[in-house]
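Colleague: Below is the structure I would like to discuss, written out as structure tokens.
Just so you know, all these numbers are worked out from the coordinates, no wet-lab data involved. Not measured: the values here are computed from a predicted model. Cβ sites come from the backbone with ideal geometry, for glycine too, and all protein chains shown count toward neighbours.
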């Protein structure tokens, strides 16, 4: 399930019609937990892992948080109670159980760092935005595959979390992040921009810069990488709502920054009065070796959304009678529409090292 805005939903009868198959659960509250796993994702994962149990099916006749799970589980949990389901998956690991979760990538949330990061052996990122079954548009957040194996496996990465020392909203600001990172990395900024527009990416910066950018993020990352190559230093603060963007995995998770820190709790950006629910990530560019932190192995999945192939339309003579060829259907004015054949999907994942 996933909490997606009302405007993105199809009519209710269509939503209910799609709630079938493995890995799907309709929340009893009938709230906003209707996002079903796309077939191409589930089929590819099932071909790899051969699932034997779905603890969170549609119309469950049992409590998936109370029953004993199978040996190889697929879980698309209700997104309004992720912590309980991940905690259950962790508890099952002691029995030699493996669990594969389809969950939002929310490293700005404490549950992600308290539960997912220390216990998941692998996190896979999609190369495309995920459009859940029953919805017309892609989810507005990044979705990942979190794999919990019986024995926890660790890998080193420059990606980690920075926790602000004070929970007070007054201290959850861009300025607070700036001060904390300046102290952490012993930096003295000679250029500070706490609210950068897309046009400001071409302006002159300092030798040691702090930039907060909400738009034109990809262009800002390119600029920071260029400055790093020339010996300069930049701390770039960007919103995590871009986790679903095509460049996020390539340029942030596997990009050229020396360090990547998800900021928690969410901060109040310049011009706003409340914290952003999307969270932020801080990237350090500059001389030196990348930081190394233990965590899950990060992988780019090669499960891709099937391309939408338009139907071929050809003008043909009006048939005099009989049954049209297989795969074709006649319509008025002698037009034959040939439906495309279904595409085959690759299975597996590509590990970036």
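Colleague: How high is the relative contact order of the range 202-274, in percent, with contacts defined as C-alpha pairs under 8 Å that are six or more residues apart?
Modeller: Values: 46 pairs, mean separation 20.3, N = 73.
This gives 28 percent for the range 202-274.
Colleague: Given R₀ = 51 Å, what would the calculated FRET efficiency be for residue 68 paired with residue 245, taking r from the Cβ atoms and rounding to 0.05? Kindly include the intermediate steps, with their values, before the conclusion.
Modeller: Numbers: r = 39 Å, r/R0 = 0.77.
E between residue 68 and residue 245, to the nearest 0.05, is 0.80.
Colleague: Using only the Cα atoms of the range 41-160, build the gyration tensor, take square roots of its eigenvalues as a ≥ b ≥ c, and label the shape rounded, prolate or oblate: rounded if a/c is under 1.5, else prolate if a/b is larger than b/c, else oblate.
Modeller: rounded
Colleague: Using the per-residue mean of other Cβ atoms lying within 10 Å as a proxy for protection, in what order, highest first, do the peptides 229-238, 45-54, 101-110 fall? Can you show the working numbers first?
Modeller: Details: 229-238: 19.3, 45-54: 15.9, 101-110: 21.4.
Top to bottom by mean Cβ count within 10 Å: 101-110, 229-238, 45-54.
Colleague: Ranking request for peptides 62-75, 260-273: highest mean number of other beta-carbon atoms within 10 Å first, then the rest in descending order.
Modeller: Working: 62-75: 15.7, 260-273: 18.1.
Output ranking for 62-75, 260-273: 260-273, 62-75.
Colleague: Mind checking the full-extension length gain between residue 219 and residue 59? Use 0.36 nm per residue of separation minus the Cα-Cα distance, one decimal, nm. Working shown, then result.
Modeller: Numbers: separation 160, 0.36 × 160 = 57.60 nm, distance 4.56 nm.
In short, 53.0 nm is gained.
Colleague: What translational diffusion coefficient, to the nearest whole µm²/s, does the range 159-290 have by Stokes-Einstein, given a Kirkwood radius computed over alpha-carbon pairs, a temperature of 10 °C and 1.306 mPa s viscosity?
Modeller: Numbers: Rh = 14.6 Å.
The diffusion coefficient I find is 109 µm²/s.
Colleague: What distance in nm lies between label points placed 7 Å from Cα along the C-beta direction at residue 207 and residue 52?
Modeller: Placing both labels 7 Å beyond Cα along the Cβ direction yields 6.4 nm.
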